[in-house]
1. Mind checking which of Ile90, Ala137, Val124 is farthest towards the positive end of the range 69-169's charge dipole, using Cβ charges of +1 (Lys, Arg) and -1 (Asp, Glu) about the Cα centre?
2. Over the chain, with a Gaussian network built from C-alpha contacts below 10 Å, which listed residue (Ser173, Ser106, Ser74) shows the highest mean-square fluctuation?
3. In the range 87-115, which residues have a backbone nitrogen under 18 Å from the label point lying 7 Å from Asp69's Cα in the Cα-to-Cβ direction?
4. Run the numbers on the range 86-183 and let me know its relative contact order in percent, using alpha-carbon pairs under 8 Å that are six or more apart.
5. What shape does the range 32-99 take by its C-alpha gyration tensor, where a ≥ b ≥ c are the square roots of the eigenvalues and a/c under 1.5 counts as rounded, a/b above b/c as prolate, and the rest as oblate?
6. If the elastic network links every pair of Cα atoms under 10 Å, which of Ile112, Ile146, Ile25 fluctuates the most in the Gaussian network model of the chain?
7. Mind telling me which of Leu154, Leu15, Leu114 comes out most flexible in a GNM of the chain, alpha-carbon contacts under 10 Å?
8. How big is Rg to Rh over the range 124-172, alpha-carbon atoms, Rh as the Kirkwood inverse-mean-distance radius?
Amino acid sequence: MDIIEFVKSKMDAALEHLKNELKNIRTGRANPAMLDSITVEVYGSPMRLKDIASVSAPEPRQLLVTPFDSSNNSAIGKAIERANIGLIPIVDGNVVRIKISPMDDSMRKDMIKLCHKRCEEAKVGIRNVRRDGNEAARKKKNDGDIAEDQLKKLEKKIQELTDTCCKDADSLSEKKEKEISTI
């Protein structure tokens with residue numbers, strides 16, 4: 001595999017990871033993705049919530065979890081409480097309802113800080129990929145596979161990819177921050 005393709009795929013993976021992390025950050029509205037990271041102990045093994053139930057947002061401030069097997073209701077409720085994401089489930093017949101309380105200013109600030117933290121972690125990952133790509137390019141030069149000018153071109157291309165991916169990470173974070181700030 002070409003070094004540039006390798007670097008690009010790794011950087012894209014870091015951005016995809018950031019998108020998934022940002023999905024889990026709470027905003028003022030109910031979003032089914034808030035529960036994506038929850039695992040439930042059913043049938044003797046841990047399973048992802050979205051594999052054993054459907055999650056919907058019938059109202060802006062409510063999530064509705066409908067298990068495929070209604071005997072899992074209490075296990076789902078307990079798993080949501082254990083996840084410690086600030087949501088209180090209410091087991092109601094064959095469904096689990098979750099009321100989303102409005103966010104106050106301090107909670108919004110905390111969520112924005114979490115966005116910044118996740119974005120910075122992604123950018124560190126991107127920079128690590130840049131370092132690995134540059135080391136691989138230098139190794140190729142030392143092995144005599146490429147010339148000095150080709151090494152410089154590779155390093156420049158890797159830096160351009162890094163800059164682009166860091167900007168993309170910033171824009172993803174800014175978009176999420178606006179979503180959090182919107183009341």
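1. Ala137
2. Ser106
3. Hits in the range 87-115 for Asp69 at 18 Å: 94-96.
4. Contact order relative to length: 31 percent.
5. Working: a/c = 1.56, a/b = 1.31, b/c = 1.19.
Cα axes put the range 32-99 in the prolate bin.
6. Highest fluctuation among the options: Ile146.
7. Leu154
8. On the way: Rg = 12.2 Å, Rh = 11.3 Å.
Across the range 124-172, the Cα-based Rg/Rh ratio is 1.08.
Taken together, the values in this text are just the output of simple stated rules run on the coordinates, not laboratory data. Since the model is a prediction, treat every value here as computed from it, not as a measurement. A quick note on method: Cβ atoms are made from the backbone with ideal geometry, for glycine too, and the neighbour counts reach across all protein chains shown.
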